[in-house]
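Below is one structure, written out as structure tokens; comments come after it.
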Amino acid sequence: MPEKKAARVIISGRVQGVCFRMETEREAQRNGVNGWVRNKRDGTVEAVFEGDAGDVDAIIKWCETGAPMSSVAGVAVSVVPYTGEYTDFSIRYTV
């Protein structure tokens with residue numbers, strides 16, 4: 001059985017107004033990763049990813065480039081405890 005992993009990720013750069021959340025949702029679903037993504041008022045995008053470790057690593061790697069119109073300046077990753085609480089991937093409202 002594959003190892004499970006969870007991570008909280010903050011993506012900075014030109015990541016709002018460029019369909020970053022929508023593309024992240026699409027990529028998460030493609031990789032079978034659960035969790036959520038949202039814009040933050042400071043201009044960053046925050047996401048939580050849960051799933052098989054390799055799949056979570058793959059979407060984190062994708063975040064380094066991101067959506068086609070984005071310009072990612074940085075990706076800060078914090079590994080957090082895997083809870084299995086997410087059953088899908090969703091876009092949340094800005095906080």
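All of the numbers you see were taken from the coordinates with simple rules; none came from a lab. Computed from a prediction, not measured in an experiment: that's the story for all the values here. A quick note on method: Cβ atoms are made from the backbone with ideal geometry, for glycine too, and the neighbour counts reach across all protein chains shown.
Applied to the stretch 28-39, the Karplus parametrisation 6.51 cos²θ - 1.76 cosθ + 1.60 on θ = phi - 60° returns per-residue 3J(HN,Hα) values of 4, 5, 4, 8, x, 9, 9, x, 7, 9, 7, 7 Hz, with x for Gly and Pro. Extending 7 Å from Cα along the Cβ direction at Ser12 and again at Gln29 yields two label points whose distance is 3.1 nm. Sequence-distant contacts, meaning Cα pairs under 8 Å at least 6 residues apart, place the relative contact order of the stretch 9-95 at 45 percent. With a Förster radius of 25 Å applied to the beta-carbon distance between Asp42 and Glu3, the computed FRET efficiency rounds to 0.15. Residue separation of Ala73 and Arg92 scaled by 0.36 nm, minus their Cα-Cα distance, works out to 4.6 nm of gained length. When shorter helices are ignored and each DSSP H run of at least 4 residues is given -39500 (n - 2.57), the per-residue value for the chain at 222 nm works out to -7500 deg cm²/dmol. Taking every DSSP beta bridge with both residues inside the chain, roughly what % is antiparallel (nearest 5)? Around 90 percent of the beta bridges assigned by DSSP in the chain are antiparallel ones. Around the Cα centre of the chain, unit charges on the Cβ atoms of Lys, Arg, Asp and Glu (plus for the first two, minus for the last two) sum to a dipole of about 360 debye.
For the stretch 63-73, the Karplus equation 6.51 cos²θ - 1.76 cosθ + 1.60, evaluated at θ = phi - 60°, returns couplings of 4, 5, 9, x, 5, x, 8, 7, 9, 7, 9 Hz by residue, with Gly and Pro reported as x. Pairwise Cα separations in the chain fall into 10 Å bins from 0 onward with the following percentages, short to long: 18, 56, 23, 2. Close amide H partners of Tyr82, meaning residues 5 or more places away or on another chain with modelled amide H under 5 Å apart, are Ala6.
Listed values for the stretch 41-54 are Karplus-derived 3J(HN,Hα) couplings in whole Hz (6.51 cos²θ - 1.76 cosθ + 1.60, θ = phi - 60°), namely 4, 7, x, 8, 10, 10, 9, 10, 10, 9, x, 4, 3, x, and x replaces Gly and Pro.
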